[in-house]
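Undergrad: Here it is, the structure in full.
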Amino acid sequence: MKKYNPLQIEKKWQKYWQQKKTFVAKDFSKNPKKYVLVEFPYPSGEGLHMGHLRPYIAGDIYSRFLRMKGHEVLYPIGWDAFGLPAENFAIKHHIHPSISTAKNIKNAKAQLESWGTSFDWSREVNTTDPDYYKWTQWIFLKFFEAGLAYEATGLINWCPKDKTGLANEEVIDGKCDRCGTVVVKKELRQWYLKITAYAEKLLEGLKNLPEWPEAVKLQQENWIGKSVGAEIDFGVIVRSAKGEVILSSRRHSERVQPSEESHPQSNKEILRPSDASGTQDDAMKIKVFTTRPDTIFGATYMVVAPEHPLVQNLESRIKNYGEVRKYIEDVKSETETQRTSLEKEKTGVELKGIKAINPATKEEIPVWVADYVLWGYGTGAIMAVPAHDERDFEFAQKFNLPITQVVRPQYVGTVLLLHGTNGNGKNNWFPWLSEKLSALGYKVISPDMNDQGTPDLNKRLKVLEKYKDEINENSLVIGYSLGAPTALQFLMKFNKKIRHLFLVAPTHPDMDWEWYRDNHADSPAEAIQKVSQASLDWEKIRDLVAGTTALFSDNDEHIPLSVKDLYERDMQANTVVLKNKGHFGTSSGLKELPELMDEIIDSAIASPVLAKASVEYGTLINSGKFSGLGSEQAIEKMAKEFGKLTVQYKLRDWVFSRQRYWGEPIPIIHCEKCGIVAVPEKDLPVKLPEVENYEPTGTGESPLAAIETWVNVKCPKCKGPAKRETNTMPQWAGSSWYWLRYIDPKDKKVFSDKKKQKYWIPVDVYFGGMEHTTLHLLYSRFWNLFLYDQGLVTTKEPYVLRKPHGIILAADGEKMSKSRGNVVNPNEVVKKFGADTLRMYEPFLGPHEMTVSWNDKGILGVRRFLDRVWVWANEVISSPHAKNNQGVKDTEKVEKALHKLIKKVTEDLENMRFNTAVSSFMEFHNEIKQDFITLDSLKTFLALMYPFAPHFCEELYSLFGNKKSLQEHEWPKYNPALVIDQTVDVVVQVNGKVKAKLSIKRDSSQDEVKAEALVVEQVKKAVGTSEIKRVIYVPNKLINLVI
RNA sequence: GCCCAGGUGGCGGAACUGGUAUACGCUACAGACUUAAAAUCUGUCGCCCGCAAGGGAUUGAGGGUUCGAUUCCCUCCCUGGGCACCA
């Protein structure tokens, strides 16, 4: 027997697969297709690392499994090779990036092969190949033609170290995603892709991705950040020193189109003076976006962002312009992080001499400029409603601006009305109360918890449980008699915060005293304790009630002092106590109670002085004809009345140009006469010129700008002198459509053939990292949706299932990094243990989507396992039985274990639970290694393990004399009958505690099992002389004797 | 602050729709083989009490539902990730 020598056999089989073209995917095969995609790597000088290994191994295992299941599997790979490291390397060593890239690709490819990956190399793509980026440029031109690629000057994120602009998605915590340098804002001419035009479609599309993880969808959803609201125009009025109106939007309501230059990123309308000299025609309005048009009557001032053009446009009218300009400049000098820091106190300056007119109240309100309003979102201006917005509230407090409440915090909610012991009658004041509260807009719930004379708190709570979700911070809870302790227990148990709590006659003389006496309660106080079954945590209850707690107690003669004291003492914090006012349980008290309640409810509901902004929905007050409406209704009505309903997204347009060399040139020509002209399709690709110097200029121009021979061209339209666009595309361009190229990588005529798309698209599984959720994954969905709209691709969504992976941490639980010196290099692991060990150990670390830690010792266990299997398999093959295989059978144990293994591994692979599949191989081998196994069964075992350890299994398989690759072996099927054991272990519990185990015939009856169980010493002892009250029997699993 | 994911022995982790918690692997310990070591093989191995038989507590903490909870419900704590003055 040869020793297991992974390096030798792995090379051998890698060569074999390559020669036999084992993994080449056939277009239009009759087999059902599966498209398994992994994010293609950037070929860096350091080679591929653990971060690549995880998805690639998973994809590989899964692909090999699917092929055996009879699928035509496309598992392609390529290179996302544009990017800064290659360019920086070029700057340092003056070697063209394509040369270093080619070298890195060669290394990475060798690495991938050494891992035993089953990629179809015949479809390899490279984003830096002109034959590839020709089509990237071509797609860009499609965007351009559709008006979705545009040029504009704007304040963008700029990385001072990389000397290039960045997309919003590339800025993490105010830092450059690539190098960690703090990003600054820079005014630059840029190309943008109008991803915002697809915001709604991208959001909608998520609904059609049921197989995507919720976390990924949520993250994209939050990133897109949709909010529905209204756009409302506020008129501006300018007064002279004497106070007379010299300019008003009421007289001049001329609108001017927005300026693309000043605000390219959204399609907001900005009003500008039509006459730059700024005279009588300075009529203008301030447009705001708000999600709360229902609060417009409370808008007591306005705020515009420092970048808002209004300030400049009204320069001559702003009396304190100097102060305003200084403030704006101070703000500009701050970094984004400083500016948006939440701890920072609010700052701002009033625009003196300017007033806005609140279209609802018609009042003149001041206009401020403050940095808490962002130019990038909405319209860059807000109506400030301090009463109902936390930020406005804070600002108003600081600058002493008026705060007007226009929404009564939503008392409109649910009322829980709880009756006492004999609930049948409910109480005769209940209907009165229900009516009153319903009229105020409450939903009244009065569940029937009829105790029939035996108050049982648990039963009551169970009845109440189904209403627990309806009770919230705006609710009133009213408990009468036993309903009072019930209410308290309900609040405690479900930790319900409510607004008001009213307790009426907390106990009652008509209560079932017999019951209390039977339960040895001498006093009502004790009775309450008994009924409650747990003592009340008064402190907690006080926390749960935000507003008033009112106690309506009976006449002293009817209610023992002890009970009243209990409530009064413990609830006093915010309690109103009303007593000696009658007997509320009977008709005699009926008159007084409504009066009292009226008083309390009215005072409780009346608006308190605002200590903080109340942001929740409610009922409108002080809002003219809208008063009385609920917020939700009011939002719609008032949006239409004062403006129009609109939608805003947090998503920004995609800054799509980089001021660097190593990227796809943007195929655009600037002509003095014709303006921006697309490079004609026949002239594509626009190739990168050879240059000496790759150094970025840092001025915001690409190094390409310096190459005159390349820059100067003839205009394709008028043949006059023109210049090429010198910006290049961002890293994310090439990867935004690469999966479409794999299916048709060599096509010269089209970027991706639609017939081939019909066979292969969509991608069935896409393995990749969580870090790309709002970058590549969003971008590529955008491109795909666009191409779909252009009729160029066949499905709306590119990926059916996204499978993210957790990161692999170093053994010390920290992230692997060179500076920590804890990096595990997969190359070295392959050298030391072999690729198959690596391929089995990596999934064995833990679930694919979970973060896991690498353990140098742990991998030894997997290698030992392979060594043992190697020896064992060789022994089986060379045993005398092997020679004459006919009529020989596995032992029963082996047969059963094998079929269970087939089931387990098949299910695990289908669900991509690779870690438990590996364990099950080990379990199987541990269990049957002493038993006799046939060659056929050994083959089955090898077939199951093949996706994980392909070289190892191929080698052993070939020792049988098999000429074919195991890849062509059919995936084993299990016999369902063999998976079921005829004898099962049944656990015997007494009162839920395990006392014994019985080995018993499958599907035995309860009586049989019980009889057997009672014979066991341990069980007998546990049961003793007690009577068995109940028996719970779960067939073939467990019997529980309750005594 | 808001939104996700997670918390199980000395460690990585198992446990299907509530039904034997700790599978599998690592580490550690003991034994066999060896002149010896490594490798390999065999066995033991979560915690507390006990010589043992056996008993007790235990899946971040507290509470609840249930005959029975790692699993369901409520509250709180911790870790990781995302968003964050988004009107």
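The values are calculated or read from the model by the stated rules, or taken from the named source; none is laboratory data. Quick caveat: nothing in here was measured; it's all calculated off a predicted structure. Note that each Cβ is placed from the backbone with ideal geometry, even for glycine, and that neighbours are counted across all protein chains shown. What goes into the accessible areas is simple: the full protein's heavy atoms, side chains included, and nothing from ligands, DNA or RNA. Shrake-Rupley method; radii C 1.70, N 1.55, O 1.52, S 1.80 Å.
Undergrad: Quick check on A:Ser937: is it of a type outside the set (Val, Ile, Thr) and at pLDDT below 90?
TA: no
Undergrad: Please pick out the residue among A:Thr646, A:Thr726, A:Thr709 that is among the polar types (S, T, N, Q) and in a loop (DSSP other than H, G, I, E, B).
TA: One residue alone meets the criteria, A:Thr726.
Undergrad: A further question follows. Could you grab the pairs with beta carbons closer than 6 Å, sequence gap of 6+ or different chains, first residue in region A:851-877 and among the β-branched types (Val, Ile, Thr), second one within 6 Å of RNA strand B (Cβ to nearest atom)?
TA: Going by the 6 Å Cβ cut-off, the qualifying pairs are A:Val852/A:Leu845; A:Val852/A:Gly846.
Undergrad: Another question, if that's okay. Does A:Leu838 count as closer than 30 Å to A:Val763 by Cα and more than 25 Å from the chain's Cα centre (by Cα)?
TA: So A:Leu838 fits the description; yes.
Undergrad: Considering only residues that are assigned to a helix (DSSP H, G or I) and buried (at least 19 other Cβ atoms within 10 Å of the Cβ), which ones fall in region A:665-706?
TA: A:Pro703, A:Leu704
Undergrad: Then there's this: Would you call A:Glu708 within 16 Å of RNA strand B (Cβ to nearest atom) and without any contact (Cβ under 8 Å) to a residue 12 or more places away in the chain?
TA: Answer is no for this residue.
Undergrad: Conditions: (1) within 15 Å of RNA strand B (Cβ to nearest atom); (2) under 30 Å from A:Lys226 (Cα atoms). A:Tyr327 meets all but one. Number of the miss?
TA: With respect to (1) within 15 Å of RNA strand B (Cβ to nearest atom); (2) under 30 Å from A:Lys226 (Cα atoms), A:Tyr327 is out only on (2).
Undergrad: In the set A:Ala606, A:Ala611, A:Ala634, which member is modelled with pLDDT of 90 or more and small (Gly, Ala, Ser)?
TA: Going through A:Ala606, A:Ala611, A:Ala634 in turn, the sole match is A:Ala634.
Undergrad: Separate question: Among (1) more than 8 Å from RNA strand B (Cβ to nearest atom); (2) without any contact (Cβ under 8 Å) to a residue 24 or more places away in the chain; (3) over 20 Å from A:Arg64 (Cβ atoms), there is one condition A:Asp908 misses while meeting the rest; what is its number?
TA: (3)
Undergrad: Only one of these conditions is not met by A:Tyr779: (1) within 12 Å of RNA strand B (Cβ to nearest atom); (2) open to solvent by less than 40 Å² (accessible area, probe 1.4 Å). Which number is it?
TA: Result: A:Tyr779 fails condition (1) only.
Undergrad: Follow-up question, since we're still on this one. Got at least one residue in region A:133-148 being closer than 15 Å to A:Thr728 by Cβ and open to solvent by 20 Å² or more (accessible area, probe 1.4 Å)?
TA: yes
Undergrad: Which residue pairs have Cβ atoms closer than 9 Å, lie 6 or more positions apart in sequence or on different chains, and pair a first residue in region A:185-201 that is farther than 12 Å from A:Leu651 by Cβ and in contact (Cβ under 8 Å) with a residue 60 or more places away in the chain with a second residue that is assigned to a strand (DSSP E or B) and acidic (Asp, Glu)?
TA: The qualifying pairs are A:Arg189/A:Glu151; A:Gln190/A:Glu151; A:Trp191/A:Glu151; A:Tyr192/A:Glu151.
Undergrad: Of everything in region A:170-193, what is open to solvent by less than 60 Å² (accessible area, probe 1.4 Å) and of a type in the set (Lys, Arg)? Give them in sequence order.
TA: The answer is A:Lys186, and nothing else.
Undergrad: Going through region A:110-120 one residue at a time, which ones are part of a helix (DSSP H, G or I), of a type outside the set (S, T, N, Q) and open to solvent by less than 50 Å² (accessible area, probe 1.4 Å)?
TA: Within region A:110-120, A:Leu112 is the sole residue that qualifies.
Undergrad: Further, regarding this structure: Return only the number of the condition from (1) closer than 30 Å to A:Pro1035 by Cα; (2) touching a Leu at 6+ places or on another chain (Cβ under 9 Å) that A:Val979 does not satisfy.
TA: Here A:Val979 meets the rest and fails (2).
For every residue, the table says whether it meets (1) in contact with a Pro (Cβ under 8 Å, 6 or more places away or on another chain); (2) away from RNA strand B (no atom under 12 Å from the Cβ); (3) among the small types (Gly, Ala, Ser); (4) modelled with pLDDT under 90.
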{"residue": "A:Lys815", "(1), (2), (3), (4)": "no, no, no, yes"}
{"residue": "A:Lys818", "(1), (2), (3), (4)": "no, yes, no, yes"}
{"residue": "A:Lys832", "(1), (2), (3), (4)": "no, yes, no, no"}
{"residue": "A:Trp872", "(1), (2), (3), (4)": "no, no, no, no"}
{"residue": "A:Lys883", "(1), (2), (3), (4)": "no, yes, no, yes"}
{"residue": "A:Gln886", "(1), (2), (3), (4)": "no, yes, no, yes"}
{"residue": "A:Asp890", "(1), (2), (3), (4)": "no, yes, no, yes"}
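Undergrad: Next question. Across region A:798-822, which residue is most open to solvent (accessible area, probe 1.4 Å) among those that are closer than 28 Å to A:Tyr738 by Cβ and not in a strand (DSSP E or B)?
TA: It comes out as A:Ile807.
Undergrad: In region A:157-240, which strands (runs of 3 or more DSSP E) lie fully inside it and hold 2 or more residues that are more than 10 Å from RNA strand B (Cβ to nearest atom) and in contact with a helix residue (DSSP H, G or I) (Cβ under 9 Å, 6 or more places away or on another chain)?
TA: Passing ranges, in order: A:184-193, A:226-239.
Undergrad: Same structure again: List the pairs whose first member sits in region A:480-493 and is of a type in the set (Lys, Arg), whose second member is within 15 Å of RNA strand B (Cβ to nearest atom), and whose Cβ atoms are under 7 Å apart, counting only residues at least 6 apart or on separate chains?
TA: Matching pairs, first to second residue: A:Lys493/A:Leu461.
Undergrad: Go through the residues of region A:83-101 one by one and say whether even a single one is within 16 Å of RNA strand B (Cβ to nearest atom), over 30 Å from A:Val24 (Cα atoms) and among the acidic types (Asp, Glu).
TA: Checking region A:83-101: not a single residue is within 16 Å of RNA strand B (Cβ to nearest atom), over 30 Å from A:Val24 (Cα atoms) and among the acidic types (Asp, Glu).
Undergrad: Here's something else I'd like to know. Using beta carbons and a limit of 8 Å, which pairs, at least six apart or on different chains, have the first residue in region A:982-1002 and modelled with pLDDT of 85 or more and near RNA strand B (Cβ under 10 Å from one of its atoms) and the second one of a type in the set (A, V, I, L, M, F, W, C) and open to solvent by 80 Å² or more (accessible area, probe 1.4 Å)?
TA: Final answer for the pair search is A:Val987/A:Val994; A:Val988/A:Val994.
Undergrad: Now a separate question. Can you report the number of residues in region A:1003-1020 which are part of a loop (DSSP other than H, G, I, E, B) and more than 12 Å from RNA strand B (Cβ to nearest atom)?
TA: Number of matching residues: 3.
Undergrad: Moving on. Of all residues being in a helix (DSSP H, G or I) and among the acidic types (Asp, Glu) in region A:839-868, which is nearest to RNA strand B (Cβ to nearest atom)? Just the residue, please.
TA: Among them, the one singled out is A:Asp867.
Undergrad: Based on this model, can you work out whether A:Leu351 counts as away from RNA strand B (no atom under 12 Å from the Cβ), open to solvent by less than 20 Å² (accessible area, probe 1.4 Å) and either within 37 Å of the chain's Cα centre (by Cα) or within 28 Å of A:Lys640 (Cα to Cα) (or both)?
TA: Judged against the criteria, A:Leu351 is not a match.
Undergrad: Return the total of residues in region A:917-951 being open to solvent by less than 10 Å² (accessible area, probe 1.4 Å), within 16 Å of RNA strand B (Cβ to nearest atom), assigned to a helix (DSSP H, G or I) and over 22 Å from A:Thr891 (Cα atoms).
TA: Of the residues in that region, 2 qualify.
Undergrad: Kindly indicate whether A:Thr486 is under 25 Å from A:Asp598 (Cα atoms), at pLDDT below 75 and of a type in the set (Val, Ile, Thr).
TA: It is false that A:Thr486 is under 25 Å from A:Asp598 (Cα atoms), at pLDDT below 75 and of a type in the set (Val, Ile, Thr).
Undergrad: Between A:Lys900, A:Lys857, A:Lys832, A:Lys896, which is basic (Lys, Arg), more than 22 Å from A:Val765 (Cα to Cα) and touching a Ser or Thr at 6+ places or on another chain (Cβ under 9 Å)?
TA: The conditions single out A:Lys900.
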